[in-house]
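S.K.: Please see the structure below; I have some questions.
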Amino acid sequence: MAEPRRENSGPVGPPLLDLTIDNITPNTIRINSQSDDQRLTYLLSRLVTHLHDFARETRLSTDEWMAGLEFLIACGKICSEVRNEFILLSDTLGLSLLLDNINHPKPAGATEGSVLGPFHTHDAPLLENGASMTSDPAGEPMLAVCTVRDTAGNPIEGIKIDIWETDSSGHYDVQHSDRNEPSERCVMVSDEEGRFWFKGLKPVSYPIPHDGPVGKLLERLGRHPWRPAHIHFMFEKEGWDKLITALYLKGDPYETSDAVFGVKKSLVIELGKVDKETAEKYGVEEGTWLLKHDFVLTTQKDTEKLRDDLAKEALAKLGLHNLKLVDHLPVPDLD
């Protein structure tokens, strides 16, 4: 009697061995190594290796495994167009800052990066220099006067600068249910002297959203959800390394315990006060809070070279000598 016909039959891949605690990892890697995408294969092999080692090292229980899955499901359920719980999770675990440091290393003298955070939007209005980006009458007015330069001190014209901060209550505009238009955010372009200036609010401390699974995790860990007072900046122009950063106010009670690890010493600043001459020049009241800062960008080419050099150095320290860089990313060297 003929065997029943098998539908959709095709390659089944490498044969699996009798699977045990000790050999499940190499078997999983073998099955995942059939793609032509070398980078994907490498990523999955390292992910499986570390994930399986974590389970073996901690003797992970079934209840803990299920609790972890339920936690990720809860993160997905609370996500929306204006709230991404997974970015928040990445931030609170220090992963976001680590990735920025790996992908956008900075030479001495260049402005360091910080975390993007979950509240950047793409609907900020393009404003002329000197305009106000806030509609909050309750906040303390602040004048920001800044420049963008290269590492040699030359001004950079035509840099797109995305700027955003909270209102005086410590909330971003997207956190208000009655939001009709962007507020406390704008896009500006540096002039021929690399300058940009605007009117905003003195930043205030605020807690990250902690009514969801990430907030509950922080509570279980005995951690607070607060961020020190800061204002976000993002710089973009073709040929220049994209810079996502923030400036933090010195003396804030959460300066040394930021819930998302965004603070770096070079990004901590002190605000001044506008004097009479500056008030007349920029059309603000004397005594207004003043933020003055010079941002320094690096070229994309210089950053990529530094990134490659640091990658090779790091891989060598880990004993990973059988790798090569393709498009600045390590893959197995099969040549």
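The values are calculated or read from the model by the stated rules, or taken from the named source; none is laboratory data. Small disclaimer: the values here were computed from a predicted structure and weren't measured. Cβ atoms come from the backbone with ideal geometry, glycine included; neighbour counts cover every protein chain shown.
S.K.: Determine the pairs where a residue that is surrounded by fewer than 15 Cβ atoms within 10 Å (Cβ to Cβ), located within the range 149-176, has a partner that is part of a loop (DSSP other than H, G, I, E, B) and among the aliphatic types (A, V, I, L, M) with Cβ atoms under 9 Å apart, the partner being 6 or more residues away or on another chain.
M.R.: S169/A138; S169/V204
S.K.: Can you tell me how many residues in the range 107-127 are closer than 19 Å to D162 by Cβ and either at pLDDT below 95 or in contact with a Leu (Cβ under 9 Å, 6 or more places away or on another chain) (or both)? Walk me through it before giving the result.
M.R.: Filtering the range 107-127 down to residues closer than 19 Å to D162 by Cβ leaves 110-127.
Filter once more, keeping what is either at pLDDT below 95 or in contact with a Leu (Cβ under 9 Å, 6 or more places away or on another chain) (or both): 110-123.
Result for the range 107-127: 14.
S.K.: Confirm whether V174 is at pLDDT below 95 and of a type in the set (V, I, T).
M.R.: Values: at pLDDT below 95: yes; of a type in the set (V, I, T): yes.
Against the criterion (at pLDDT below 95 and of a type in the set (V, I, T)), V174 qualifies.
S.K.: Also: Condition (residue is of a type in the set (F, W, Y), in contact (Cβ under 8 Å) with a residue 12 or more places away in the chain, surrounded by 12 or more Cβ atoms within 10 Å (Cβ to Cβ) and assigned to a strand (DSSP E or B)) applied to the range 252-267: is it met by at least one residue? Reasoning before the result, please.
M.R.: Quick first cut of the range 252-267, residues of a type in the set (F, W, Y) only: 254, 261.
Narrowing the set further to residues that are in contact (Cβ under 8 Å) with a residue 12 or more places away in the chain leaves 254, 261.
Then drop every residue that is not surrounded by 12 or more Cβ atoms within 10 Å (Cβ to Cβ), which leaves 254, 261.
The next check asks that each one be assigned to a strand (DSSP E or B); those that pass are none.
No: zero hits.
S.K.: Of the residues in the range 226-251, how many are under 20 Å from T121 (Cβ atoms) and either among the β-branched types (V, I, T) or free of Cβ contacts under 8 Å to residues at least 60 places away in the same chain (or both)?
M.R.: Of the residues in that region, 5 qualify.
S.K.: Answer yes if at least one residue in the range 60-67 is touching a residue at least 60 places away in the same chain (Cβ under 8 Å) and of a type outside the set (V, I, T), and no otherwise.
M.R.: At the first step, the residues of the range 60-67 found to be touching a residue at least 60 places away in the same chain (Cβ under 8 Å) are none.
Checked against the condition, which is being touching a residue at least 60 places away in the same chain (Cβ under 8 Å) and of a type outside the set (V, I, T), the range 60-67 yields no hits at all.
S.K.: If I ask for residues that are assigned to a helix (DSSP H, G or I) and aliphatic (A, V, I, L, M), which ones from the range 208-246 would you list? Write out each step before concluding.
M.R.: First pass over the range 208-246, keeping only residues assigned to a helix (DSSP H, G or I): 213-220.
V214, L217, L218 - these are the residues of the range 208-246 that are assigned to a helix (DSSP H, G or I) and aliphatic (A, V, I, L, M).
S.K.: Among the candidates L143, L126, single out the residue that is of a type in the set (A, V, I, L, M, F, W, C) and closer than 23 Å to R227 by Cα.
M.R.: Numbers: L126 fails: closer than 23 Å to R227 by Cα.
Selected residue: L143, the only one of L143, L126 that is of a type in the set (A, V, I, L, M, F, W, C) and closer than 23 Å to R227 by Cα.
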